[in-house]
Amino acid sequence: MRIHLHNPTDDPLFDFSLPMWHAAAARAPDVGQGHDVTVGTTAEDFAAAIAEAEVLICDAGVVKRYFPCSAPNLKLLFLTNAGLDRLAPYDWLPAGTVLMNNRGTHAAKSGEFGIMSLLMLANRVPQMVTHQRAGRWQKLWGAVASQRHVTVVGLGTLGGAIAEQAARFGMDVTGVRANPSPHPHCARVLGQDQLDAVLTETEFLVLACPLTARTRGLIDRRRLGLLPSGAGIVNMGRGELLDQDALCDSLDSGHLSGAVLDVFVPEPIPDGHRLWTTPNLIVSPHTSADDPATYNPYSLDIFLQNLRAYNAGLPLPNRFDIDRGY
């Protein structure tokens, strides 16, 4: 097949290279060998490749920049992003082209970041950082993680990895997702319609679900008020899942003890925004789930798994469901 890998426009740490492709192909020789592969970065590279490409591998920024476009031979579009909500309504997608994401790439890094965040909240690190900025010495006593009540909203790659790590530390993990089927690392799994009830007993709330019509604004001011006094929040999903002003108000008032946020509205956070100065809040600039050393290799491994399924006429594990939004 004619496969083109196009590099992001603004992040050279995540550039593809031919040696990177060849290494992935060597790991999956049954499906990775024998292709005509090109790698590009410029608009001229893209124009030259897309006219004949059967497969395009790139990130969402490349799609935003170059689509819609004429891609007469394109069969597979593999995006190196898990969440594709910013590409809706998908009317740019060439007819007959299968859209895929790289769900699974983020598991190891997001699990580690998630448990780090939970341990920070359990040990009151966001408050310590606030005191440090103020030059204030005040002892704060944390508590062990075991038996603490954690609710993880979304049990896909991100949420599932966080639930696994939390369970490993002995935390009492409740999962919330659209399909409330059991999860191996959750003591129980509930549907989204039961979210209000579980929030009242949640010490730490983790948001790791995709942004869809059902989840936009999921944690609003009312639901923040349902959390017990002293609860903490981690958001690794999308900024639009959470009412940021209401969160800041809850941190200002002391109702919530801390928050670790990796996603925001807008991104980047503007100068002078209250998120920069809200007490007991840790800001991570949308970096929680990505490791430049492993991100592209993992993504290519996942693509080749999908290509194997495609060649065999089987369902593609990473096919993006436009109707569901994930």
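Figures for the structure shown
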quantity: Hey, N81 touching a helix residue (DSSP H, G or I) at 6+ places or on another chain (Cβ under 7 Å) and free of Cβ contacts under 8 Å to residues at least 24 places away in the same chain or not; calculated: yes
quantity: Sole exception among (1) under 18 Å from N81 (Cβ atoms); (2) assigned by TED's automatic domain parsing to the domain that holds L140; (3) among the charged types (D, E, K, R) for D301, by number; calculated: (2)
quantity: Pair list, Cβ under 9 Å, 6 or more apart: region 95-112 residue on the phi < 0 side of the Ramachandran plot, other residue among the basic types (K, R) and surrounded by fewer than 17 Cβ atoms within 10 Å (Cβ to Cβ); calculated: T97/K75; V98/K75; V98/R319; L99/R319; M100/R319; N101/R319
quantity: Search result, residues across region 88-114 that are of a type in the set (A, V, I, L, M, F, W, C) and buried (at least 20 other Cβ atoms within 10 Å of the Cβ); calculated: L99, M100, F113
quantity: Test: residue in region 120-140 that is out of contact with any Lys or Arg (no Cβ under 8 Å at 6 or more places or on another chain), within 30 Å of S70 (Cα to Cα) and in contact (Cβ under 8 Å) with a residue 24 or more places away in the chain; calculated: no
quantity: Pairs, first among the aliphatic types (A, V, I, L, M) in region 57-78, second in a helix (DSSP H, G or I), C-beta under 7 Å, six or more apart; calculated: I57/F303; A60/R86; A60/L87; V63/L87; A71/I50; L76/Y310
quantity: Cβ-Cβ under 6 Å pairs, at least 6 apart or on other chains, region 270-291 side in contact (Cβ under 8 Å) with a residue 60 or more places away in the chain and outside the structural domain of D15 (by TED's automatic domain parsing), far side of a type in the set (D, E) and surrounded by fewer than 18 Cβ atoms within 10 Å (Cβ to Cβ); calculated: none
quantity: Which listed residue is over 26 Å from P89 (Cβ atoms), hydrophobic (A, V, I, L, M, F, W, C) and in contact (Cβ under 8 Å) with a residue 40 or more places away in the chain, from V144, V176, V150, V189; calculated: V150
quantity: Region 1-25 residues that are of a type in the set (K, R), paired with ones that are assigned to a loop (DSSP other than H, G, I, E, B) (beta carbon under 6 Å, 6 or more apart); calculated: R2/E52; R2/A53; R2/E54
quantity: Total residues in region 9-55, condition at pLDDT 95 or above, assigned to a loop (DSSP other than H, G, I, E, B), within 27 Å of the chain's Cα centre (by Cα) and surrounded by 13 or more Cβ atoms within 10 Å (Cβ to Cβ); calculated: 4
quantity: Among residues of region 98-129, those that are over 21 Å from T287 (Cβ atoms) and among the β-branched types (V, I, T), counted; calculated: 1
quantity: Flag if L275 is aliphatic (A, V, I, L, M) and over 18 Å from the mean Cα position of the chain (by Cα); calculated: yes
quantity: For M1: the one exception among (1) closer than 15 Å to L304 by Cβ; (2) buried (at least 18 other Cβ atoms within 10 Å of the Cβ); calculated: (2)
quantity: Residue list for region 276-300, filter: surrounded by fewer than 18 Cβ atoms within 10 Å (Cβ to Cβ) and assigned to a helix (DSSP H, G or I); calculated: W276, P297
quantity: Test set (1) surrounded by fewer than 17 Cβ atoms within 10 Å (Cβ to Cβ); (2) charged (D, E, K, R); (3) in a helix (DSSP H, G or I) - E164 fails condition number; calculated: (1)
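The values are calculated or read from the model by the stated rules, or taken from the named source; none is laboratory data. All values derive from a computational prediction rather than experimental measurement. Neighbour counts run over all protein chains shown; Cβ positions are idealised from the backbone, glycine included.
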